[in-house]
Amino acid sequence: MPSLRDIKRRIKSVQNTQQITKAMEMVSAAKLRKAQLRVEAARPYGLKMQQMLESLAAAAAGLRHPLFEEREVKTTLLVVFTSDRGLAGSYNSNIIRTAQRYLNQAAPGSVRLGIIGKKANEYFKRRPYPIEFAITDLGGNVDLVRTRQLAFDITGKFQDGHVDEVRLLYTRFVSMVSYKITLERFLPIEKPSGVAVDTDYIFEPDADHIFSSLVPRYCVTKILQAMLESFASEQGSRMIAMGNATRNTKEIIDNLTLVRNKARQATITKELLDIVGGAEALK
């Protein structure tokens, strides 16, 4: 049985851990609120951008744009969004497990990886999968300039024929306590089907110029929204994980306090027995 001093030292150590987890929970809650506001602000813009693209694509008969081009899928670029930091519960492992399942089901050598987040990079760099790019220094912050460059690089790989399809694997933020792992096709952009055109659009100067400006903006918006959704889900997972850790440390402290009290009571009882025994021996 550990000594009373060892138990006190352990209680102090767990109390220090409790202070850290409590502070991290509060920081994550503050970051989550900011991330949630950004997600809620970005969703209507992304939805309107998609609706506009679908309406104009349906109105422009015979439109041919490189990012709408359907071709035989021989190589797929899978862009995986994870976090740069840990202590977020099962958030990163769930995404990596989904990505690994997708890779196992695909034909060997048919999938290339694009990685956003240090945790996914640490996992896949030790495995035999080709990595096209890895961004590991965002730290949960969205950089619009780098997002534009990333969208430009991804669309460039598709237009050059380096990949035939691009898919995004990220977490869609649902609430503070839940998220949904989402795997969706990014490129080629799906042509709208069954979209009713209620407006007779007049393209000025022409449809090709309009789409040459609109489609890149749509791609940037899609990547940006995936980042915002993932970062908000990460903070929610970290807040929940740190909250659970704080509650667990409280249970450990309560159990150790009980053990300490029993040990102290046993020590006092032993000393009393020694005193009583000594007194009886003197009679």
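The values are calculated or read from the model by the stated rules, or taken from the named source; none is laboratory data. Everything numeric here is computed off the predicted structure, so don't read it as measured data. Please note: Cβ atoms are built from the backbone with ideal geometry, for glycine as well, and neighbour counts cover all protein chains shown. Quick note on the areas: whole protein, heavy atoms, side chains included, nothing else; ligands and nucleic acids left out. Shrake-Rupley method; radii C 1.70, N 1.55, O 1.52, S 1.80 Å.
Before moving on, here are some points about what is shown:
- Cα-based Lys pair tally, segment 130-283, threshold under 23 Å, eight or more apart or on separate chains: 7
- Calculated SAXS-style log₁₀ I(q)/I(0) at q = 0.09, 0.10, 0.14 Å⁻¹ - the chain, Debye, Cα scatterers: -0.57, -0.66, -1.04
- Nonpolar atom fraction for segment 203-274, defined as the carbon and sulfur part of the 1.4 Å probe accessible area, stands at 58 percent.
- When DSSP beta bridges are restricted to pairs lying wholly in the chain, around 40% turn out antiparallel.
- Principal-axis analysis of the Cα atoms of the chain puts helix 144-159 at an angle of about 50° to the longest axis.
- Dipole-positive endmost among Thr98, Met24, Gln50 within segment 1-121 (Cβ charges, Cα centre): Met24
- In terms of the mean number of neighbouring beta-carbon atoms within 10 Å, the peptides 118-124, 179-185, 3-9 order highest first as 118-124, 179-185, 3-9.
- Per DSSP, loop GluC sites (Glu not before Pro) in segment 38-117 with at most 11 further Cβ within 10 Å: Glu70, Glu72
- Its convex hull of Cα atoms gives segment 1-135 a direction-averaged projected area, equal to a quarter of the hull surface, of 13.9 nm².
- Take the Cβ atoms of Ile20 and Asn104, set R0 to 35 Å, and the FRET efficiency comes out at 0.40.
- Student exercise, the chain dipole from Lys, Arg, Asp, Glu Cβ charges, in Debye to nearest 20: 1920 debye
- Segment 45-152, relative contact order [Cα under 8 Å, separation at least 6], %: 26 percent
- Accessible area of segment 53-171 belonging to carbon and sulfur atoms, whole % at 1.4 Å probe: 45 percent
- The chain, accessible area per residue, ligands and nucleic acids excluded (1.4 Å, Å²): 58 Å²
- Were the residues from Leu183 through Lys34 laid out at 0.36 nm apart, the gain over their Cα-Cα distance would be 51.2 nm.
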